[in-house]
Amino acid sequence: METDAVLNMVQELGRMGTTDITISANGEPTLHPGFPAIVNAVKDAGMKLKVVTNLTIFSPTVAAALARTDLLVINLAVADEESYQAVYAPRGPLSFAGIIKNITSLAKLQKFGGPEIRIGYVITKNTFRHIERLIHIADECGASFIRFKFMDPSNFSKHLILNPEDREWLLNELSR
């Protein structure tokens, strides 16, 4: 959608009495060229704002917009640099350490009324053995919550679904 159309929709939602908005996408919402203006419009209208992001875009204007949100859910699909490069490197010169630094920076704003930071982690065949590491990372970053979710099965993701042995291993690990 064009930025003006989204801004008009935000105004209309405000007139209708909407109190909360979630910005999420089948992709990265911070890539939208009007993302900062949209965040500002939602917040200036007095609404609560949740943004779901992978935090791969962290320019000064995007960071300032994210700082105005009430809740940031950061989809962190991996828990180490090697996995991060395999998943995200095709999109540009990103690093896992850089994403962790960005999460930590935003989490520090919580003391000053900044957004609550939560992490979303999709459990797949490639990530299920890294849960303990992710918990440590989330704690170090200042995230308040981690949501674990098994990969939804589809024709495109069936190779990433845990088999019964992997599920049993994971359940044993989590029950320790």
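Please tell me the relative contact order of the chain in percent, rounded to the nearest whole number, where contacts are Cα pairs under 8 Å and at least six residues apart.
Here the relative contact order equals 16 percent.
Under 5 Å between amide hydrogens, which residues at least 5 positions from Ile23 or on another chain qualify, with H placed 1.01 Å from N in the peptide plane?
Lys50, Val51, Val52
From the phi of every residue in region 160-176, what ³J(HN,Hα) in whole Hz does the Karplus formula 6.51 cos²θ - 1.76 cosθ + 1.60 yield, where θ is phi - 60° and glycine or proline is x?
Residue by residue, region 160-176 yields 9, 6, 5, 7, x, 5, 5, 4, 5, 4, 4, 4, 5, 4, 6, 8, 5 Hz.
Roughly how big is region 49-141's charge dipole about its Cα centre, with Cβ charges of +1 (Lys, Arg) and -1 (Asp, Glu), in debye to the nearest 20?
It comes to approximately 220 debye.
As a test question: what accessible area, to the nearest 10 Å², does Met1 have when a 1.4 Å probe is rolled over all protein chains in place?
150 Å²
Straight-line reach from Lys158: which aspartates and glutamates fall under 19 Å, measuring Cα to Cα and dropping same-chain residues less than 8 apart?
Partners within reach: Asp166, Glu168.
Running a GNM on the chain with Cα contacts under 10 Å, which residue among Lys108, Lys149, Lys48 ends up with the highest mean-square fluctuation?
It is Lys149.
Across region 11-17, in residue order, what do the Karplus-derived ³J(HN,Hα) couplings come to in whole Hz, using 6.51 cos²θ - 1.76 cosθ + 1.60 with θ = phi - 60° and x for Gly and Pro?
4, 5, 4, x, 5, 7, x
Could you work out the Rg to Rh ratio of the chain, with Rh taken as the Kirkwood radius (inverse of the mean 1/r over all Cα pairs)?
1.00
List the residues, sorted by chain then number, that are 5 or more residues from Phe150 or on another chain and whose placed amide H is less than 5 Å from its amide H.
Distant-sequence amide H within range of Phe150: Ile123.
Label Glu132 and Gln85 with points 7 Å out from Cα along Cα→Cβ: what is the distance between them in nm?
Label-label distance for Glu132 and Gln85, simple model: 2.5 nm.
Using the Karplus curve 6.51 cos²θ - 1.76 cosθ + 1.60 with θ = phi - 60°, work out ³J(HN,Hα) for each residue of region 18-28 in order, rounded to whole Hz, and write x for Gly and Pro.
Whole-Hz 3J(HN,Hα) from phi for region 18-28: 4, 10, 9, 10, 10, 10, 8, 7, 8, x, 9.
Using a 1.4 Å probe on the protein chains only, how many percent of the accessible area of region 84-176 belongs to carbon and sulfur?
In region 84-176, the share of accessible area belonging to carbon and sulfur is 56 percent.
What is the sum of charges around Lys149, taking Lys and Arg as +1, Asp and Glu as -1, for the other residues whose C-beta is under 15 Å from the C-beta of Lys149?
+3
In straight Cα distance, which lysines are under 29 Å from Lys48, not counting same-chain residues fewer than 8 positions off?
Output for Lys48: Lys101, Lys108, Lys111, Lys149.
Between Trp169 and Met9, what is the FRET efficiency for a Förster distance of 41 Å, r being their Cβ-Cβ separation, to the nearest 0.05?
The value I calculate is 0.35.
Measuring with a 1.4 Å probe in the full set of protein chains, what accessible area per residue, in whole Å², belongs to region 1-93?
53 Å²
Give, as a single signed number, the net charge of other residues whose beta carbon lies under 10 Å from the beta carbon of Val52, with Lys and Arg counted +1 and Asp and Glu -1.
+1
The values are calculated or read from the model by the stated rules, or taken from the named source; none is laboratory data. Because the structure is predicted, anything quoted here is derived from the model rather than measured. Cβ coordinates were reconstructed from backbone atoms using ideal geometry, including for glycine residues, and neighbour counts include every protein chain displayed. For the accessible areas, the whole protein counts, side chains as well, though only heavy atoms, and no ligand, DNA or RNA atoms are used. Shrake-Rupley method; radii C 1.70, N 1.55, O 1.52, S 1.80 Å.
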